[in-house]
Amino acid sequence: MSLEDIRTDIVGRLEKDLIGPDAIDEQISGARVKPSDVYLTGILWPLGDRMDGADDDGADGDDESDESASTPGLIGQQRPCTMGVSFATSAGDGEHVVSATIDFASYKHELTKDEEGNRVRTWTRKPFTFTFDELTLPLENSRTLDLKGEKLTTDVQVHIRSHRAGDVLLSTITLINKGSDFVEDRITAEEATLFQTKIIVRPSESTNIVSRPGQLVMADEDERIASLLFRDCREFSTGHQCSSGWKTQADNSTIADEVYTTWIPRSEVHAVRADGHDVFKDIVTKGLLDTDSLSKVSDKDLVVRLKTLHDAYSAWIGLQYKRVPSLPNPLQEIASKNLQRCKTEVLDRILSGILRIENDPNMMMAFRLANAAMALQHSWKPDMEEPLRWRPFQLGFILLSAESTCDSSAPDRDILDLLWFPTGGGKTEAYLTLIAMLAFYRNLVADKPDGGSGNAAVMRYTLRLLTAQQFERASSLILAAELIRRGAVNTLLSQKKMTPLGGNMFSIGLWVGGDATPNNFETALSNRGNKDVSTAEQISNCPCCQARVRWRYDEKKKEVSPHCEGSDCLLGLSFGDWPVYTVDEDIYQKKPTLVIGTIDKFALLPTRVEVSQLFGMTGTNKRPDLIIQDELHLISGPLGTIAGIYETAFDWLLSDTNKRPKVIGSTATIRRASEQVRALFDRECCQFPPPGLDHDDNGFAVRDYKKPGRLYLSVTTAGRSAKFSLQATAGSILHSTGPSAIPDNNNRDGYATLLCYFNSLRELGGAIVQMLDDVPDSITLYSGRRAESSRKIKDPKELTSRVPQKEIVEILDQLKKKVQDPDCVDVVLATNMVSVGVDVSRLGIQVVNGQPKTRSEYIQATSRVGRSKFPGLVVSVLNAAKPRDRSHFETFPSWHQKLYKDVEATSVTPFASRSRDRALHAVLVAMLRHHSTALLTKPDLNNASDQLLSEVVSEIERRIESIDPREIAHSRDEIDALLSDWDARSPRVYMNDYRPAQSLLQSADRHARRRAAGLLVGAAWPTMNNMRSVEPSSKFKLVEALSVGVGRKNLAAAGSTDSDVEKPQPRWRIHKDG
């Protein structure tokens, strides 16, 4: 039995458990069991049947952390009594004729006695099928058909409604249970309920079922590209109350052989092929992209291999150009633009990178050593089956960005290279290689032994879970690079007996919030061994030998460092303490080669003097050359707005003689990337790989339709509570993935752990109780119906923001344990923390409780499963009471076949008025403080030269002009007001909440507390401690006009209202104007 067959069996069992029937003429028996107690969905209740208090479990009310529209309570809601399907037909000038089949069943109640004489209720299934071989669709009105059957005990109708839309006829066929609600007699009402309802529509000889016409909206460049890429994705039907599906002869067929309703819709999203388009086949199969080989072959052979990659991509572009004339005329222009972008922005840059490697010995050596480091750390993986070989897109991106990453004078230095690739494709390996290459290159070109040391690269993330997992992966690479620097492993560098890499170790630091890692040695020591508080111990196992890591707390040096005690391990006793730092004080002192941090830490720019030391902002220390922003799509909304204004200071402070650091981004889901990149980083954007002509083929990424993809299913809560729907779905899945259903552990491992995703902590909290009490009851029910042993599940694990960092690391390790291990996890409950950073390849099955707020969040969250040989299965439980959930359910196959098309565009407005209120002063302080040693420790503006003030003001205003020129006038006034206020107050310290009158800044938390208490807040500027200190959404009222002078806090408005009064020019303006 193949793994795909096992997944198919799980799905089949789920459909039987939730919809039924177990057999065509099944009988359901029990003292208090009705068919509607056994089956969850696929049911049409009698007209007027309403939900009561027994159905309202409190799961559908508002959640304080949920920003979605309010959901009405369940009590009194009409249960579903109708379901239907809409489709389009084409018949020329003739009649539109189709065939239709209506299937459903009812259950007849009987009261019998068992062998012991006890009364037993028995419900016997009665199936009904009504077939209309030639059903003429009305052209502009509606018609109703009554369904009559000998044993049918309720009134059932079929309603047909149609109207013309251009050349096609749009029709809806609806099945209606017209039976009255037998409130006084629930048995009779149950007998009048329809189960396993289904409508099937097929075309006739004279009529075709065609795709439903959609709105062709091409408002911007992204939408025009999407209309090209997804031109063959067609929607043949949509459901009403239920969902729908269709059958076609081929994937790109323009007509359907059948459309039908379904209560558990499905759609398969295929993964991308690791080797890309067939043009790369020879390169991959011949092992030309093997990392170990690339580090050792001759210079000539290396260049030949790299140029083969370039030539293959060039051939792919040529193949696409030949297809352009066959496209519809409106799409040919955008197709040509796409291919021209492929050539000029990517192909030519790849060639430039190859030529630089060929002609620059240091670049050549750095490339080799980076490959050697990647090969070495990959060889340590316990499940490593074959050596690390580059996927074409990985090596293509490395070659695209290598020159501008290592050389600050490269022409593409100011372009943000955005690695856009589906989750799980291997983006991390690509930019880790660029980090290693940069670290080696800086040391190779340094004019003194350790001239290239210091912080070379910064990796920024938004969530600490993501940071923790990537820290482990990056630490493995840095330790491999350090072994190469020491000559402890055989490389071309050691063979040539060259030692140009200096004496300072390659190192890594984890720079995250104090809730996760300690800020100082004393805190680290006091928290030692306590997993409920911040801890320095962020790595559990040695990446080389997998032994338990020991952490040394040196009270004399006041340092914390890990080490491995393995005698035969490359990273063991002979290596000594690892250059891995997790305490802030150590990071500031050691200035690690790579710093991995959360974006919130960069809010410390104006308040911590140590930041200047870490990033080499003052003095002769070399500054970072590379900034990597992973999961770029998360830097949006309020967080992106604040991050964007802080980026003004960080970008300028890291610039060396007007040469800015290289910025690389990565994401799997983004729209209007160029606008977001401009707003955040003030840079142009190069998306890699760029789009071609089809959504499933951009040369480097090609959908693999030969292998099973990730299968998406959905269950609706129509007529049920959300909690009961989740309970039934989870119970069925957990039992169907248990040992009684899949006896072979090797075939069960990928499905043994159920990952459950929730949109809020409140929903997750309720699910914990369900998993302990209600879900086991459902498992017992399903196992009893199949005469199988019930699966006993362990207590669920939780991955949320309220779980301590150390426990998160332990849970992630536990999730990797296979089903044979007694510590294997049965159920893990998670919020959006799981959507980024959880990279546990063995996970294969997931339940999503409610549609996530954005399409990108849905893609990211569901991409956590199906990354191994076990094909992924995702089941969404969608709330029919929420319009957005219901819409997604009814059109489930349609939007899954173009999953990446409608990713929401993000909004980033760093220089909007409210953003300036919160952070413009912080940007100003950070730029002045860290650029001048005279202002580093004391905020005396008299120590700032007119030239420095002018440079800072000019840079802020230049960036505003570049990103949002509409805000420049107000911003200029506010900058003048801030500097004037700073100069007039003459503060003695930057921030000291115990000396507020003498401080330039004060904590935003302190300011808010005092203001709320009605106390004086003082003149010190409130400054955020992190970038998430933003206000929630507020309701507003639109009025005709605002009074003059109402609005901004009177910093900018403090000046004279008399335009005739000439204001003296401040000194930062005089120097600038001069």
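Since every read-out is calculated from the coordinates, none of them should be taken as a lab result. It should be emphasised that the depicted structure is a prediction, and the values quoted were computed from it without experimental measurement. FYI the Cβ positions are ideal-geometry reconstructions off the backbone, even for glycines, and counts take in every protein chain you see.
Farthest towards the positive end of the charge dipole of region 278-688, among the residues S404, I283, P449, is the Cα of I283, using unit charges on the Cβ of Lys, Arg, Asp and Glu. One Cα centroid belongs to region 822-885, the other to region 1-29; the line between them spans 22 Å.
If the reach is capped at under 19 angstrom between alpha carbons, list the aspartates and glutamates near K707, excluding any in the same chain fewer than eight residues apart. Reachable aspartates and glutamates: E4, D5, D9, D251, E268, D275, D278, D696, D697.
For the peptides 402-414, 558-570, the ranking by packing is 402-414, 558-570, with the highest mean count of neighbouring Cβ atoms within 10 Å listed first. In loop segments of region 847-920 as defined by DSSP, the GluC sites (Glu not before Pro) with at most 16 further C-beta atoms inside 10 Å of their C-beta are E904. How large is log10 of I(q)/I(0) for region 278-688 at q = 0.08, 0.10, 0.12 Å⁻¹ when the intensity is taken from the Debye formula with one equal scatterer per alpha-carbon? For region 278-688 at q = 0.08, 0.10, 0.12 Å⁻¹, log10 I(q)/I(0) is -0.43, -0.68, -0.98.
Taking the Cα centre of the chain as origin and charging only Cβ (+1 Lys, Arg; -1 Asp, Glu), how large is the dipole, in debye to the nearest 20?
Dipole size: approximately 2060 debye.
Listed values for region 373-379 are Karplus-derived 3J(HN,Hα) couplings in whole Hz (6.51 cos²θ - 1.76 cosθ + 1.60, θ = phi - 60°), namely 5, 5, 5, 5, 5, 5, 5, and x replaces Gly and Pro.
Footprinting exposure proxy ranking of I334, I43, fewest other C-beta atoms within 10 angstrom first, gives I334, I43.
Per-residue ellipticity at 222 nm, computed for the chain from helices alone with -39500 (n - 2.57) per DSSP H run of at least four residues, works out to -10500 deg cm²/dmol.
3J(HN,Hα) along region 152-157: 7, 9, 9, 7, 10, 10 Hz, from the Karplus curve 6.51 cos²θ - 1.76 cosθ + 1.60 with θ = phi - 60°, whole Hz, x for Gly and Pro.
Using only the Cα atoms of region 272-315, build the gyration tensor, take square roots of its eigenvalues as a ≥ b ≥ c, and label the shape rounded, prolate or oblate: rounded if a/c is under 1.5, else prolate if a/b is larger than b/c, else oblate.
Oblate, because a/c is 1.5 or more while a/b does not exceed b/c.
In percent, rounded to a whole number, the relative contact order of region 278-688 is 20, using alpha-carbon pairs under 8 Å and six or more apart. The C-alpha radius of gyration of the chain, expressed as a fraction of 2.2 N^0.38 Å, stands at 1.03. Pairs of Cα atoms nearer than 8 Å and 6+ residues apart set the relative contact order; for region 249-350 it is 21 percent. Every Cα-Cα pair in region 628-737 was counted, and those over 23 Å apart are 56% of them.
With contacts defined as alpha carbon pairs under 8 Å and 6 or more residues apart, what's the relative contact order of the chain in percent? The value is 12 percent. Near D704, the amide H atoms lying under 5 Å from its own belong to A271, V272, R273; only residues 5 or more places off or on other chains count, and H is placed 1.01 Å from N.
Within 10 Å, Cβ to Cβ, of A524, how many net charges do the neighbouring residues add up to if Lys/Arg are +1 and Asp/Glu are -1?
Neighbour charge sum, excluding A524 itself: -4.
Listed peptides 871-879, 701-709 appear in the order 871-879, 701-709 once ranked by packing, highest mean of other Cβ atoms within 10 Å at the front.
Here the Kirkwood formula, the inverse mean of 1/r across different C-alpha pairs, assigns region 710-896 a hydrodynamic radius of 16.6 Å. Taking a sphere under 13 Å around the Cβ of Y990 and counting the other residues whose Cβ falls inside, with K and R at +1 and D and E at -1, yields a net charge of +3.
The Cβ shell under 15 Å around R786 holds other residues with a net charge of -2, Lys and Arg each +1, Asp and Glu each -1. Residues in region 761-772 carry Karplus couplings, in order, of 5, 5, 5, 5, x, x, 5, 4, 5, 4, 5, 7 Hz; the curve used is 6.51 cos²θ - 1.76 cosθ + 1.60 with θ = phi - 60°, and Gly or Pro positions show x. Of K300/K427; K558/K601; K281/K898, which ones are farther than 24 Å apart at the Cα? In this structure, K300/K427; K281/K898 lie more than 24 Å apart at Cα. Put simply, when 93-102, 606-615 are sorted by average Cβ atoms within 10 angstrom per residue, most first, you get 606-615, 93-102.
Looking at the chain, the DSSP beta bridges with both ends there are about 60 percent antiparallel.
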